[in-house]
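Chemist: Before anything else, here's the structure in question.
The values are calculated or read from the model by the stated rules, or taken from the named source; none is laboratory data. Note that the coordinates shown come from a computational prediction; the quantities given were computed from them, not determined experimentally. Every residue, glycine among them, receives a Cβ derived from its backbone with ideal geometry; neighbour counts consider all protein chains shown.
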Amino acid sequence: MTDALPLQLAIRLSLDNVSYSNPVPEWFEVTDLNYLHKEETLRATIRRYLGGDRPGRPFILTVPAKSGALKSWSVSSVDDQIILQACVSCTAEILESKSVDRDRVYSCRVSTNPNRVSLMEDQVAWWQRFQNDTRQPPRANNP
């Protein structure tokens, strides 16, 4: 069951998105990561979760809100973030195909490139296409 999850992709997406914020120990560099070992570790973690183990408690930060009140912000472990990304990557295309009319929705399109390093397609190109399509006169619906 865990073999279907795109963990290599999830590792790349997650670490690319979070590595700038230094979520890993100072002695760790993303470029030095043994991706095959990380994938094996994550698959073992997923099997433990499916067997009934629960993820560790998230790290909780207290952050100020615009109103001046304090709010709690939960941050899961990096491994749990990668596992969640794998689940999203596995289901995103299916969900999009069933819920988004690609002829009418120009933003937030799931990337279908198998070599992707981002979950979403480039939004700049779609913004340009939206502008071009909306500048054209409407098509007549002739029978």
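Chemist: Out of the residues in the stretch 4-27 meeting the condition of being at pLDDT 75 or above and in a loop (DSSP other than H, G, I, E, B), tell me which one is surrounded by the most Cβ atoms within 10 Å (Cβ to Cβ).
Modeler: In this case the residue turns out to be Leu5.
Chemist: Quick one: count up the residues across the stretch 54-90 that are outside any strand (DSSP E or B) and either touching a helix residue (DSSP H, G or I) at 6+ places or on another chain (Cβ under 8 Å) or surrounded by 11 or more Cβ atoms within 10 Å (Cβ to Cβ) (or both).
Modeler: From the stretch 54-90, those outside any strand (DSSP E or B) are 54-58, 65-69, 76-90; that's our starting set.
If we keep only those that are either touching a helix residue (DSSP H, G or I) at 6+ places or on another chain (Cβ under 8 Å) or surrounded by 11 or more Cβ atoms within 10 Å (Cβ to Cβ) (or both) as well, we get 55-56, 58, 76-90.
Summing the residues that are outside any strand (DSSP E or B) and either touching a helix residue (DSSP H, G or I) at 6+ places or on another chain (Cβ under 8 Å) or surrounded by 11 or more Cβ atoms within 10 Å (Cβ to Cβ) (or both) in the stretch 54-90 gives 18.
Chemist: Could you give every pair whose Cβ atoms fall below 9 Å, whose first residue belongs to the stretch 44-55 and is farther than 14 Å from Ala86 by Cα, and whose second residue is aromatic (Phe, Trp, Tyr) and surrounded by 10 or more Cβ atoms within 10 Å (Cβ to Cβ), counting only separations of at least 6 or pairs across chains?
Modeler: Pro55/Tyr49
Chemist: Restricting to the stretch 38-57, give me the number of residues that are farther than 23 Å from Val110 by Cβ and either in contact with a Leu (Cβ under 8 Å, 6 or more places away or on another chain) or modelled with pLDDT under 90 (or both).
Modeler: Within the stretch 38-57, residues that are farther than 23 Å from Val110 by Cβ and either in contact with a Leu (Cβ under 8 Å, 6 or more places away or on another chain) or modelled with pLDDT under 90 (or both) number 2.
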